[in-house]
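Engineer: My questions all concern the structure below.
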Amino acid sequence: MANVVALPWSGPLRWGHLPRCSRVVVALPVYERSATPLRFAPIGAVVYCAVFPVMQVALIAESGAAGAHRDALWALLATAGFLPLHARHVLAAARGTRPRYGTWTLAAMAVIMFGALPAAGSFWLPTFHALAVSALITLRPRWALLAFAATVVLQIPLVIAIGSSVPSAESYYLLSVLWRSSAVFVPIWLVGAISQLEAARQAMATDAVVRERMRIDADLRQRLGTALGSIAARGERASTLVGNDSAALQGELRAVVHSSRQPLGDARRLLSGYHRPPVRAELESARALLIAAGISTRLVLPAGPLPEPLEPRFRADLRAATASMLQDQSATSCVMTVTRDGDRLRLSVTGEDARLSGAPT
């Protein structure tokens, strides 16, 4: 069941109005332990990407070359121009998305950086790592790699054209842009991948809860809909007898009260059963979670009905086995086998390279 395996951390759900059509509005609470670091990770990525450009301005000012302070002023103005655009790209990448109008903002970055190069001097060249990182973020993979390689290789003709007092300046600036780009892009890419994974987890959780809510709604309508319709019809007939036939009215009201007791008892049993999910629902949810993670999973159950409700020990074994299979990087398929041990159940999850057995419950 969704609220046990797929959403073990969720609190009370807030349901929207459920009309007669099969449409459900669901609001899920955010998982506090995982969402809190992720909430600040994109901001941290933006701060991290600003470190190298700001430091480069300081290095230009402290270089001791002729006109260093003038060059640093031009570098500072150019940094103030391109850094917000670069930060916008990084923020989108850290959130697992692609920035809107990224090609245009990338072009604006290139214009600012290339335009400031003659005034800022050769010490401005390492800042081109920001342009290379933004190209990897904003462009499609084929063009991104081409633009990245072009930005790195372009350091050689640029330093030759501008001139530099740095020994082996061509290789120095080429390698500076290359390693800075890698040092900035890789953490941003990891944060973006984690954000996409979290978004997929939230989507899976929402889908599981919606499907479970629809199943419960269909179950209630199937079991109680007919009985409630009969009660409503008797109530309408009783309303027509008001003031006309007291004896018939009393008989009709007694029939309404009598016929309403059984649906009320059924509703109570259904609702109490939903608080403790059945074994099969737990297993199906664990199976769906493994399949979503790319592990082909087959479920083998013993003959006959399974005991209800689910025992806490079996639930703990199921969670532990599912978590172990998810952590096994080599697992591509597994078999979840449930066997009887007297009145208890025993769980065995067998993968290609691992075997995990739960204790009897």
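Engineer: So is ARG180 at pLDDT 85 or above and either in a helix (DSSP H, G or I) or charged (D, E, K, R) (or both) or not? Explain how you work it out, then say what you get.
Structural biologist: Working: at pLDDT 85 or above: yes; either in a helix (DSSP H, G or I) or charged (D, E, K, R) (or both): yes.
Judged against the criteria, ARG180 is a match.
Engineer: Filter the stretch 117-137 down to the residues that are of a type outside the set (A, V, I, L, M, F, W, C) and assigned to a helix (DSSP H, G or I), then identify the one that is farthest from VAL166 (Cα to Cα). So that I can check it myself, show each step before the final result.
Structural biologist: We begin by selecting, within the stretch 117-137, every residue of a type outside the set (A, V, I, L, M, F, W, C); these are 118, 121-122, 126-127, 129, 134.
Next, from what is left, pick out any that are assigned to a helix (DSSP H, G or I): 118, 122, 126-127, 129, 134.
On the way: PRO118: 17, SER122: 9, PRO126: 13, THR127: 16, HIS129: 18, SER134: 27 Å.
Within the stretch 117-137, the match that is farthest from VAL166 (Cα to Cα) is SER134.
Engineer: Does ALA116 qualify as being within 26 Å of ASP71 (Cβ to Cβ), out of contact with any strand residue (DSSP E or B) (no Cβ under 7 Å at 6 or more places or on another chain), surrounded by fewer than 21 Cβ atoms within 10 Å (Cβ to Cβ) and of a type in the set (A, V, I, L, M, F, W, C)? If you could, list the steps in order and put the result at the bottom.
Structural biologist: Details: within 26 Å of ASP71 (Cβ to Cβ): yes; out of contact with any strand residue (DSSP E or B) (no Cβ under 7 Å at 6 or more places or on another chain): yes; surrounded by fewer than 21 Cβ atoms within 10 Å (Cβ to Cβ): no; of a type in the set (A, V, I, L, M, F, W, C): yes.
No, not satisfied.
Engineer: What are the residues in the stretch 283-310 that are at pLDDT 80 or above, loosely packed, with under 13 Cβ neighbours inside 10 Å and small (Gly, Ala, Ser), if any?
Structural biologist: SER296, the sole residue that qualifies.
Engineer: Taking the condition of being charged (D, E, K, R) and over 21 Å from VAL209 (Cα atoms), how many residues in the stretch 281-307 meet it?
Structural biologist: Kept after step one, since they are charged (D, E, K, R), are these residues of the stretch 281-307: 282, 284, 287, 298.
Next cut, over 21 Å from VAL209 (Cα atoms) only: 298.
Residues meeting the conditions: 1.
Engineer: Ok, one more. Across the stretch 165-177, what is the number of residues that are in a helix (DSSP H, G or I), touching a Phe, Trp or Tyr at 6+ places or on another chain (Cβ under 8 Å) and farther than 21 Å from ALA144 by Cβ? Give the steps one after another, and end with the answer.
Structural biologist: Within the stretch 165-177, the subset in a helix (DSSP H, G or I) is 169-177.
Next, from what is left, pick out any that are touching a Phe, Trp or Tyr at 6+ places or on another chain (Cβ under 8 Å): 177.
Checking which are farther than 21 Å from ALA144 by Cβ leaves us with none.
Number satisfying all stated conditions: 0.
Engineer: Output the residue which, of all residues in the stretch 93-147 that are closer than 29 Å to ALA72 by Cβ and of a type in the set (S, T, N, Q), is modelled with the lowest pLDDT.
Structural biologist: Looking at residues that are closer than 29 Å to ALA72 by Cβ and of a type in the set (S, T, N, Q), I get SER122.
Engineer: Among the residues of the stretch 73-116 satisfying the criterion of being among the hydroxyl-bearing types (Ser, Thr, Tyr) and assigned to a helix (DSSP H, G or I), which is nearest to ARG39 (Cα to Cα)? Steps first, please.
Structural biologist: Narrowing the stretch 73-116 to residues among the hydroxyl-bearing types (Ser, Thr, Tyr): 79, 97, 101, 103, 105.
Of the ones still in play, those that are also assigned to a helix (DSSP H, G or I) are 79, 103, 105.
Numbers: THR79: 27, THR103: 27, THR105: 25 Å.
The qualifying residue nearest to ARG39 (Cα to Cα) is THR105.
Engineer: Take the stretch 311-330 and flag every residue that is at pLDDT 75 or above, within 22 Å of the chain's Cα centre (by Cα) and in a loop (DSSP other than H, G, I, E, B).
Structural biologist: Across the stretch 311-330, the qualifying residue is only ASP328.
Yes/no per residue for (1) buried (at least 17 other Cβ atoms within 10 Å of the Cβ); (2) closer than 20 Å to ALA116 by Cβ; (3) of a type in the set (A, V, I, L, M):
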site	(1), (2), (3)
VAL152	yes, yes, yes
VAL166	no, yes, yes
ALA193	no, no, yes
ALA205	yes, no, yes
ALA208	yes, no, yes
ARG213	yes, no, no
GLN222	no, no, no
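Engineer: If you take the residues in the stretch 138-150 that are part of a helix (DSSP H, G or I) and either touching a helix residue (DSSP H, G or I) at 6+ places or on another chain (Cβ under 7 Å) or touching a residue at least 12 places away in the same chain (Cβ under 8 Å) (or both), which one is surrounded by the fewest Cβ atoms within 10 Å (Cβ to Cβ)? Don't jump to the end; show me each part of the working.
Structural biologist: Filtering the stretch 138-150 down to residues part of a helix (DSSP H, G or I) leaves 138, 141-150.
Filter once more, keeping what is either touching a helix residue (DSSP H, G or I) at 6+ places or on another chain (Cβ under 7 Å) or touching a residue at least 12 places away in the same chain (Cβ under 8 Å) (or both): 138, 144, 147-148.
Details: THR138: 26, ALA144: 16, ALA147: 19, PHE148: 21.
Looking at the filtered set, the residue picked out is ALA144.
Engineer: To continue, here is another question. Output the number of residues of the stretch 51-64 satisfying the condition of being outside any helix (DSSP H, G or I) and surrounded by 16 or more Cβ atoms within 10 Å (Cβ to Cβ). It would help to see each step written out before you state the result.
Structural biologist: Of the residues in the stretch 51-64, the ones outside any helix (DSSP H, G or I) are 62-64.
Filter again for surrounded by 16 or more Cβ atoms within 10 Å (Cβ to Cβ), leaving 63.
So the answer is 1.
Engineer: Does GLU212 meet the test of being assigned to a helix (DSSP H, G or I), farther than 21 Å from ALA93 by Cα, free of Cβ contacts under 8 Å to residues at least 60 places away in the same chain and among the acidic types (Asp, Glu)? Please lay out each step first, then the result.
Structural biologist: Values: assigned to a helix (DSSP H, G or I): yes; farther than 21 Å from ALA93 by Cα: yes; free of Cβ contacts under 8 Å to residues at least 60 places away in the same chain: no; among the acidic types (Asp, Glu): yes.
Here the answer is no, as GLU212 does not meet what is asked.
Engineer: Looking at the stretch 228-241, is at least one residue at pLDDT below 75, assigned to a loop (DSSP other than H, G, I, E, B) and on the phi > 0 side of the Ramachandran plot? Quick ask: steps written out before the conclusion?
Structural biologist: Start the filter on the stretch 228-241 by keeping residues that are at pLDDT below 75, which leaves 228-241.
So of that shortlist, the ones also assigned to a loop (DSSP other than H, G, I, E, B) come out as 241.
Those left that are additionally on the phi > 0 side of the Ramachandran plot: none.
Checked against the condition, which is being at pLDDT below 75, assigned to a loop (DSSP other than H, G, I, E, B) and on the phi > 0 side of the Ramachandran plot, the stretch 228-241 yields no hits at all.
The values are calculated or read from the model by the stated rules, or taken from the named source; none is laboratory data. In this text, all values refer to a predicted model and were calculated from it rather than measured experimentally. Quick reminder, even Gly has a Cβ in these numbers, built from the backbone with ideal geometry, and neighbours come from all protein chains shown.
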